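Contents: one structure, followed by commentary.
The values are calculated or read from the model by the stated rules, or taken from the named source; none is laboratory data. On a predicted model such as this, the values are computed, not experimentally measured, just so you know. So basically every Cβ, Gly included, is an ideal-geometry build from the backbone, and we count neighbours across all protein chains shown. Please note that ligands, DNA and RNA were not included when accessible areas were found on the heavy atoms of the full protein model with its side chains. Shrake-Rupley method; radii C 1.70, N 1.55, O 1.52, S 1.80 Å.
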Amino acid sequence: MTQPTYDNDNIFAKILRGDIPNFTVYEDDKTLAFMDIMPMAHGHVLVIPKCQAVELSDMPAEYLQAVFVTAQKVMQAQRHVLNRDGIVQMQLNHAQAGQSVPHYHVHLIPTSIHALGQHAERKADTDGLAELAKQLKAAII
């Protein structure tokens, strides 16, 4: 099997370029964390690197580290704002595993693995996403 080439027109690449808006929770020079508009649970956040990578094996080490540092910050904010400890951290590699956007990303889902349903079943209320993103952003130190 061959590695897929990176698609510069995937939705996360467009978000990184500013072509598509998002509800940013956290951003630094190597990562962006934002609300999933098709959440699997209330407070579902995605963390992506600011580099071209489809899967884990494509990631330069400094971006891997940055993604997980950002994930730690976001998880702390989710726990504070949503008043819960249980957060599913999920990362999928390629369509066969369920990856729907071909840009490396980590899901941070405040729920139980047993409560997870199908991804992309419903779009979230954008006003609610904006408010929650604002609260999470304020809780990140």
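Projecting each Cα onto the charge dipole of region 11-139 (Lys/Arg +1, Asp/Glu -1 at the beta carbon, about the Cα centre), which of Gln99, Leu82, Ile37 comes out farthest on the positive side?
In region 11-139, that residue is Leu82.
What is the set of long-range amide H partners of Val25 at a cut-off below 5 Å, with H atoms built 1.01 Å from backbone N?
Residues meeting the amide H criterion: Ala33, Phe34, Met35.
GNM on the chain, C-alpha springs below 10 Å: top fluctuator among Leu108, Leu92, Leu46?
Leu92
Going by alpha carbons, how many degrees (0 to 90, nearest 10) lie between the helix axis of 126-139 and the longest principal axis of the chain?
Between helix and principal axis, roughly 80 degrees.
Which residue, Ala53, Ala95, Ala124, tops the fluctuation ranking in a GNM of the chain built on C-alpha contacts under 10 Å?
Greatest mean-square fluctuation among the candidates belongs to Ala95.
Work out how much length Arg84 to Lys14 would gain on full extension: take 0.36 nm times their residue separation and subtract the Cα-Cα distance, in nm to one decimal. Please report the intermediate quantities before stating the final value.
On the way: separation 70, 0.36 × 70 = 25.20 nm, distance 3.19 nm.
22.0 nm is the gain from fully extending Arg84 to Lys14.
Considering only protein heavy atoms and a 1.4 Å probe, what is the carbon-and-sulfur percentage of the accessible area of region 11-139?
Of all accessible area on region 11-139, carbon and sulfur atoms account for 50 percent.
Angle between the Cα long axis of helix 61-82 and the longest principal axis of the chain, 0 to 90 degrees, nearest 10?
The angle comes out at about 20 degrees.
So if I place +1 on the C-beta of Lys and Arg and -1 on the C-beta of Asp and Glu, and nothing else carries charge, what would the dipole magnitude of region 1-72 be about its Cα centre? I want it in debye, nearest 20.
Here region 1-72 has a charge dipole of around 100 debye.
What aspartates and glutamates does Lys134 reach when the alpha-carbon gap must be under 17 Å and sequence neighbours fewer than 8 apart in one chain are set aside?
The reachable aspartates and glutamates, counting only those whose Cα sits under 17 Å from Lys134, are Glu27, Asp28, Asp36, Asp125.
Assigning unit charges at the beta carbon (Lys, Arg +1; Asp, Glu -1) and nothing else, what dipole magnitude in debye, to the nearest 20, does region 11-139 show about its Cα centre?
140 debye
Could you rank the peptides 76-82, 96-102 by their average count of other C-beta atoms within 10 Å per residue, with the highest value first?
76-82, 96-102
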